[in-house]
Amino acid sequence: MLRRLTIRDFVLVDRLDLEFGPGFGALTGETGAGKSILLDALSLLLGDRADSAMVRAGCERAEISGAFDFAPAGPVASWLAENGLEPEEELLVRRIVESGGRSRGFVNGTPVAASQLKALGELIADIHGQHAHQALLRNDAQRELLDAHAGVGALVAQVAAAWRAWQAAKRELEAAQAQHDALAREREMLEWQLGEAKLLAFEPGHWLQTTLDHQRLSHAAGLIEGAGAALGALDEAEPAIAAEVERLAVRLAELGKIDPQLASIAELVEGAGIQLGEAVVALRRYRDRLDLDPEALGECERRIAAVTQFARKYRVSPDEIPALVADWSERLARIERATDVDALAAAEAAGAKAYGECAERLSERRRLGAQQLGLRVTEAMQELAMAGGRFAIALTPLPGGSVHGAEAVEFLVAANPHQEPRPLAKVASGGELSRIGLSIQVIASEAQAVPTLVFDEVDVGIGGRVAEVVGRRLHELGRRCQVLCVTHLPQVAARADWQWQISKEVREGASYSQVRVLDAEARVEEIARMLGGERITDTTRNHAAEMLAGEAPEPA
């Protein structure tokens, strides 16, 4: 649950350090004092979209930090492990929003993306905003609430994945059927091109050797003449260079016996003579192997012409031919798969079957969840001044199904006895919608494992005995988890285990929200203010004290 919340320079808040307790806590105060700002800060901390308008005027950045308790073996611990984050004794979450709009998030000191904060936030807190009742009029919100109550989140994801796989297989089959002739023509062309490439038998290593052979053969006469001239000068001329160097080496060696300074020079000349001898042997071997071979030269030229013509035809360089052939082969393989209508039809049928089986499991869970939620909300309606009213959930089959399952979900309500349930959006008044919506939210929240529930003025439009029932329901919910509620109703606030008063003050022309933790005496004053408005009398104080003690008569 939430233990601490620190807020710096957020909207109207300059600096707040808040300590939260267990149970049901009420946040009260005058209209416009900034009660919802605290919940906005918590929402931002847990992944809501950041906006530069959240930074208090004149400040460079806003910063929200929160500390949460969590079970060592629970969902939060698993999330930390999955995201490579080290667990600490507490879960520390921090969000910074700069005046330029850029935001950063941290979990246990490690930077994380906003999407990660949002995923983590869904495990920590369930926040019901001011317009939660109006959201109930949307069919997608109704479906999500039913699924949350039925605990089928994993199954919903499986159905969505099965639907997408089925639809992809269906599109491939339809494309193959619609493009059969065009694909057949393209396949024929690719097969011809690959046949042409096969006849060319182009290999990068062979191509390099062919170009080297061509260079050698086309210059064979010059190579033979040059090698012969060098061999003649070195070994066959009179005098030959190699023989002269050998004689000089012998002469210098004899002189070196007289003057040792010539000995090292003699060694150098002797080495040169040895290398010249090796060069003579190598040149002779090269000249003997080298031959004028017009036939081999012609074959090289024909090979080079074929490769060059092929490359020019398909507008690539010879070095790019292997990549081009690989692309053709891959495209042909795709076309062959795409034109195998029997295989595609089998894949589409398998996808439809997998989706149908998965969707049927979801439908069965939804039917059971709809019955349970309908009964519980109907029971709650009897306590909320809607005696005889009924709540039901219609599951209407969708031909062909959808990514969300095989049925549409719609909330139905009958506000009075003997009326047939009709769509919630058509029959519920504002007050009835508030009562029904709050019941659904509380009941759906009970089915979830989220440790902190937040209600932001969700009791708008109710009062009197109904407000007393709502307060009692939230108090009971607070025994199971931490509940935070922004409220204007004294009947709700009086049922809280602890209460804060939010106020706004003006300092040096700027407005600031302040939070005051109320003790028992201060709670009497605040409940009296909520009962009597600006003029607080002993009567309203006595009434407030009775409400806090649980002894006040139900207001009319």
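Of everything listed in (1) among the aliphatic types (A, V, I, L, M); (2) within 53 Å of the chain's Cα centre (by Cα); (3) outside any helix (DSSP H, G or I); (4) at pLDDT below 85, the single unmet condition for residue 292 is (2).
Only residues that are of a type outside the set (Val, Ile, Thr) and not in a helix (DSSP H, G or I) were counted in the stretch 146-161, giving 1.
Residue under question is residue 200, and the condition is that it be modelled with pLDDT under 80 and farther than 30 Å from residue 271 by Cβ; does it hold? Walk me through how you get there before you give the answer.
Numbers: modelled with pLDDT under 80: no; farther than 30 Å from residue 271 by Cβ: yes.
Considered against the rule, which asks whether it is modelled with pLDDT under 80 and farther than 30 Å from residue 271 by Cβ, residue 200 comes out as no.
Listed by first and then second residue, the pairs with beta-carbon distance under 6 Å, at least 6 apart or on different chains, first residue in the stretch 351-362 and within 15 Å of residue 400 (Cβ to Cβ) and without any contact (Cβ under 8 Å) to a residue 60 or more places away in the chain, second assigned to a helix (DSSP H, G or I) and not small (Gly, Ala, Ser), form an empty list. Residues that are modelled with pLDDT of 85 or more, surrounded by 17 or more Cβ atoms within 10 Å (Cβ to Cβ) and under 37 Å from the mean Cα position of the chain (by Cα) number at least 2 in the following helices (runs of 4 or more DSSP H) confined to the stretch 421-502: 464-478. The number of residues in the stretch 477-513 that are more than 12 Å from residue 453 (Cβ to Cβ) and free of Cβ contacts under 8 Å to residues at least 60 places away in the same chain comes to 8. Here the condition is being over 22 Å from the mean Cα position of the chain (by Cα), over 28 Å from residue 365 (Cα atoms) and not acidic (Asp, Glu); of 70, 106, it holds for 70 alone.
Which of the residues that make up the stretch 1-21 are closer than 20 Å to residue 501 by Cβ and part of a loop (DSSP other than H, G, I, E, B)?
From the stretch 1-21, those closer than 20 Å to residue 501 by Cβ are 2, 4-7, 10-21; that's our starting set.
Result: 11, 12, 20, 21.
Could we say that residue 323 is assigned to a helix (DSSP H, G or I) and exposed (fewer than 15 other Cβ atoms within 10 Å of the Cβ) here? Yes, satisfied.
Of the candidates 344, 373, the single residue that is at pLDDT 90 or above and buried (at least 17 other Cβ atoms within 10 Å of the Cβ) is 373. Filtered by the rule that a residue be of a type in the set (Val, Ile, Thr) and assigned to a helix (DSSP H, G or I), the stretch 503-547 gives 524, 527, 539, 540. Scanning the stretch 1-46 for residues that are modelled with pLDDT under 90 and of a type in the set (Lys, Arg) returns 15, 35. Scanning the stretch 26-68 for residues that are touching a helix residue (DSSP H, G or I) at 6+ places or on another chain (Cβ under 8 Å), outside any helix (DSSP H, G or I) and either not assigned by TED's automatic domain parsing to the domain that holds residue 477 or not polar (S, T, N, Q) (or both) turns up 26, 27, 29, 46, 47, 48, 49, 50, 62, 64, 66, 68. When residues in the stretch 363-419 are screened for being touching a helix residue (DSSP H, G or I) at 6+ places or on another chain (Cβ under 8 Å) and hydroxyl-bearing (Ser, Thr, Tyr), 1 of them pass. Against the condition in contact with a Phe, Trp or Tyr (Cβ under 8 Å, 6 or more places away or on another chain), under 24 Å from residue 59 (Cα atoms) and not in a loop (DSSP other than H, G, I, E, B), how does residue 104 come out, does it pass? No; evaluated as a whole, the condition is false for this residue. Mind listing whichever residues of the stretch 385-420 are free of Cβ contacts under 8 Å to residues at least 40 places away in the same chain and part of a strand (DSSP E or B)? Result: 390, 392, 394, 395, 396, 397, 398, 399, 400, 412, 413, 414.
The values are calculated or read from the model by the stated rules, or taken from the named source; none is laboratory data. A quick note: this is a predicted structure, and the numbers were derived from the prediction, not measured. Please note: Cβ atoms are built from the backbone with ideal geometry, for glycine as well, and neighbour counts cover all protein chains shown.
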